[in-house]
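Below: the structure, in structure tokens.
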């Protein structure tokens, strides 16, 4: 019988001379005594890895230890399941099939209220992140914040959806992934005011300290939705940098500033975009864009824009 490398049956002493200097040759599949040269065992079965690793990604991606633990799943992905589908039932004798169904039904039942809450809430979180095209890292951070809120019993008296949406908004800001309250409110079908109120409550109770959103985070995404060129994006970033130096963005909503800067840059580079188009992409009103536009143009002294009329809509 072949010996498995690394098994409890691994040889420690030579059966001929009793020596302890034992060498394993994994290339030839042999165990040899280094004192007398006797081949103790051959035809070894080697279950070690058959690939090479060059960096950290290779190490983590080529291990055969199952999926990693995920906070975005109510059981963290470590539970087992009796049969992945009902096709497995036909592999059993007829007398064992009722027992299989009964065990499967009891396994799917969740015992505690906290587990039921997590199962439903994290399913909603996955739907939100999918519709908003967010990364798995944002989803994991959102799940962690929600789990902390559940552990401190902060969900009681509040709708589960609003707490999930607030945790997602906090995670987006922490990861520097700009998503406005309007976007999250639309996906969650919850009033923006309720999400904002719950977010402030979670921030106080959980000690979440996040810096205010920077308008620069919104510019690439808004520009992509408006189909603006890289030249316009570069010009918009230059304008925003000058506005920050003059402290023109202080006390102003970041989405409104980003929208106005993009509108100004589009006018300067000759890409005709109306205020209505920019407002729809940024989720702000045309009045907000006009107010920020006038402030920036006047302070930064764009004389060519001061003389041009504002393009409000395509009909204007």
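Going by the structure shown, is residue 249 farther than 18 Å from residue 279 by Cβ, part of a loop (DSSP other than H, G, I, E, B) and not assigned by TED's automatic domain parsing to the domain that holds residue 143? Taking the combined requirement at face value, the residue satisfies it. Within the range 100-132, the set of residues being closer than 16 Å to residue 167 by Cα and outside any helix (DSSP H, G or I) comprises 132 only. Among the residues of the range 7-17, at least one is at pLDDT below 75, part of a loop (DSSP other than H, G, I, E, B) and surrounded by 11 or more Cβ atoms within 10 Å (Cβ to Cβ). With respect to (1) more than 22 Å from residue 160 (Cα to Cα); (2) under 21 Å from the mean Cα position of the chain (by Cα); (3) part of a helix (DSSP H, G or I), the lone exception for residue 212 is condition (3). Somewhere in the range 87-96, is a residue touching a helix residue (DSSP H, G or I) at 6+ places or on another chain (Cβ under 7 Å) and not in a helix (DSSP H, G or I)? Yes, there is a match, as at least one residue in the range 87-96 is touching a helix residue (DSSP H, G or I) at 6+ places or on another chain (Cβ under 7 Å) and not in a helix (DSSP H, G or I). Restricting the first member to the range 91-103 and to residues that are at positive phi, and the second to residues that are loosely packed, with under 11 Cβ neighbours inside 10 Å and in a helix (DSSP H, G or I), no beta-carbon pair is closer than 7 Å while six or more apart or on different chains. Once the range 178-200 is narrowed to residues that are surrounded by 17 or more Cβ atoms within 10 Å (Cβ to Cβ) and not in a helix (DSSP H, G or I), the residue that is modelled with the highest pLDDT is 190. In this entry, residue 161 is excluded by the filter for residues that are more than 23 Å from the chain's Cα centre (by Cα), within 23 Å of residue 148 (Cβ to Cβ), in the same structural domain as residue 140 (by TED's automatic domain parsing) and modelled with pLDDT of 90 or more.
Being surrounded by 13 or more Cβ atoms within 10 Å (Cβ to Cβ), within 30 Å of residue 23 (Cβ to Cβ) and at pLDDT below 75: is that true of residue 42 here? Answer is no for this residue. For residue 66, are the conditions met, namely being on the phi > 0 side of the Ramachandran plot, at pLDDT 80 or above, outside the structural domain of residue 144 (by TED's automatic domain parsing) and surrounded by fewer than 11 Cβ atoms within 10 Å (Cβ to Cβ)? No, not satisfied. Considering 241, 203, 224, the condition of being surrounded by fewer than 21 Cβ atoms within 10 Å (Cβ to Cβ), more than 28 Å from the chain's Cα centre (by Cα) and in a helix (DSSP H, G or I) is satisfied by 241 alone.
Residue-by-condition table, conditions (1) in the same structural domain as residue 202 (by TED's automatic domain parsing); (2) under 17 Å from the mean Cα position of the chain (by Cα); (3) surrounded by fewer than 21 Cβ atoms within 10 Å (Cβ to Cβ):
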{"position": "96", "(1), (2), (3)": "no, no, yes"}
{"position": "99", "(1), (2), (3)": "no, no, yes"}
{"position": "154", "(1), (2), (3)": "yes, no, yes"}
{"position": "168", "(1), (2), (3)": "yes, yes, no"}
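In summary, residue 71 fulfils each of the numbered conditions (1) at pLDDT below 80; (2) closer than 30 Å to residue 156 by Cβ; (3) in contact with a helix residue (DSSP H, G or I) (Cβ under 6 Å, 6 or more places away or on another chain) with the single exception of condition (1). Restricting 149, 113 to those that are touching a residue at least 40 places away in the same chain (Cβ under 8 Å) and on the phi < 0 side of the Ramachandran plot reduces the list to 149.
The values are calculated or read from the model by the stated rules, or taken from the named source; none is laboratory data. Here the structure is a predicted model, which is why all the values come from computation and not from measurement. Using ideal geometry, Cβ is built from the backbone for each residue, glycine included, and neighbour counts are taken over all protein chains shown.
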